Amino acid sequence: MSGDLAERQAALVAALVAGGPVPAGFDPAALAAAGAALLRKRAGEVARHWPLLAAGLGPQWSATFAAWAAGRPTGGSLRDGWDLARDLRDRGTLPPLGAEELAGREASHRYDGHTPPRPRRLPALGRTGGAVAVQVAGRVRLLRPARH
């Protein structure tokens, strides 16, 4: 019985946050509304960790994040923002403020897209969208702002 419950709970979570099918016995409209509310909450958490990225996207932040995050389970707010920023960079749609923030993060931490970010110990550069940031002795400085 507990195995069945665990499977049903996993299916419900998958439907809410990872784009899984609606489990039997649940109202699709209610699940869609709950999923949208969870995406809004997740977008707010990511915006707290990536304020310049969110500000750079302005009124498009929520829609951009929701489109990117739909069907993706969260890796945590820091990693979600990092992955979104890299995706926008790769598509050529990263706003200048987001480029500056991403350059600073790339200078201060190592992140391979799979494991949690780790602080860099040695001096490092981060470059994105024309922005250049340097990290020395744990302090990050923006050397050149992104192209506007």
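Normalised by 2.2 N^0.38 Å, where N is the number of residues, the C-alpha radius of gyration of the stretch 1-63 stands at 1.44.
Solvent exposure of the chain amounts to 59 Å² per residue of accessible area, where only protein heavy atoms count and the probe is 1.4 Å. Percent of accessible area on the chain owned by carbon and sulfur, 1.4 Å probe? Its accessible area is 59 percent carbon and sulfur atoms. Solvent-accessible area of ARG91, all protein chains in place: 140 Å² (probe radius 1.4 Å, heavy atoms, ligands and nucleic acids excluded). Take the Cβ atoms of ALA36 and ARG120, set R0 to 41 Å, and the FRET efficiency comes out at 0.65.
Hydrodynamic radius of the chain by the Kirkwood approach over all distinct alpha-carbon pairs: 16.7 Å. Along the axis of the charge dipole computed for the stretch 1-117 (Cβ charges of +1 for Lys and Arg, -1 for Asp and Glu, origin at the Cα centre), the listed residues ALA18, THR93, THR115 are led at the positive end by THR93.
In the assembled protein chains, ASP27 presents an accessible area of approximately 90 Å² (probe radius 1.4 Å).
The values are calculated or read from the model by the stated rules, or taken from the named source; none is laboratory data. In this text, all values refer to a predicted model and were calculated from it rather than measured experimentally. Methodologically, a virtual Cβ is constructed for each residue, glycine included, from the backbone with ideal geometry; neighbour enumeration extends over all protein chains shown. Protein only, heavy atoms only, side chains kept; ligands, DNA and RNA dropped before computing areas. Shrake-Rupley method; radii C 1.70, N 1.55, O 1.52, S 1.80 Å.
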